[in-house]
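The values are calculated or read from the model by the stated rules, or taken from the named source; none is laboratory data. Remember, predicted model here, so these are calculated numbers, not experimental data. Glycine also receives a Cβ, built like all others from the backbone with ideal geometry; neighbour counts cover every protein chain displayed. When the accessible area is computed, the model is the full protein with side chains, heavy atoms only, and any ligands, DNA or RNA have been set aside. Shrake-Rupley method; radii C 1.70, N 1.55, O 1.52, S 1.80 Å.
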Amino acid sequence: MWKKRILHSLSPYLQALLDFFFPRYCLCCRRRMSPGEEVLCVRCQADLPRVRTISFEENDIARIFWGLVPIEKGISFFHYTPHSPYSRILFELKYHNHPEVGKTMGRMMAEELKATSFFDGIDLIVPIPLSRKKERQRGYNQSDWIAWGISEATGIPTDTTSVVRTKSNPSQTTLDHRQRRENVRDIFAVRHPGSLEGRHILLVDDVITTGATMLSCAETIARACRVRFSVLSLAWAGHS
């Protein structure tokens, strides 16, 4: 016990020493970060273009799922704009082998939402799965890491095995809404419906644009078992 206390008391000094020899820089403004700052500096964290909504039940994100699956709540953390400084968060997470960015941002997002009623009644976190091919190429599923950060902040368990992605569909980037819906049709499967039955599931992804991928996953789960959904993403690229 006393060893843990000593290490805890020394940790700020050790971090300061590490920062001196191995400086860390804010992903957005590239300024050198101080001890205690993670991924974003305090200034960029304060200026993050957060998604503001009056109601978790009635907003543009939740509306995507209305009448299609039993949706409870929906929200994203920040607005995504291509080539903005904040777009670097997703770029580093997905393409520069920095899964820890997802965990830190997931924890940051959850800590802010804990002050609201968003997580009330949610039983399980299910990150949107990648195909085996894409996960092998990337080395990890970025949504898993976001989910683990949320779980760390809330204590809600994650399930990364009950739902799988059975097809590696082409990129959605250049597709319109109808094409996106068709592109993600029947690409998911439920392996362990008993683990999900009767649960209020929080579906987690890195970014929502039209919501086609998340909706396809929710529809697949809803066909396999009786569940309720809430949805949460790090970024929102849709139009309000």
message: Suppose R0 equals 35 Å. What FRET efficiency, 1/(1 + (r/R0)^6) with r the Cβ-Cβ distance, do GLU57 and GLU197 give to the nearest 0.05?
response: 0.90
task: Would you mind classifying region 85-134 by shape? Square roots of the alpha carbon gyration tensor eigenvalues, ordered a ≥ b ≥ c; an a/c under 1.5 is rounded, otherwise it is prolate if a/b is larger than b/c and oblate if not.
output: oblate
query: Of all accessible surface on region 81-175 at a 1.4 Å probe, what whole percent is carbon and sulfur?
result: 51 percent
Shape category assigned to region 58-167 from the gyration tensor of Cα positions, a/c cut at 1.5: rounded
query: Can you give the FRET efficiency for THR81 and ARG32, using 1/(1 + (r/R0)^6), R0 = 30 Å, r = Cβ-Cβ distance, to the nearest 0.05?
result: 0.75
- request: Give me the accessible area of LYS134, 1.4 Å probe, in Å² rounded to the nearest 10.
  value: 80 Å²
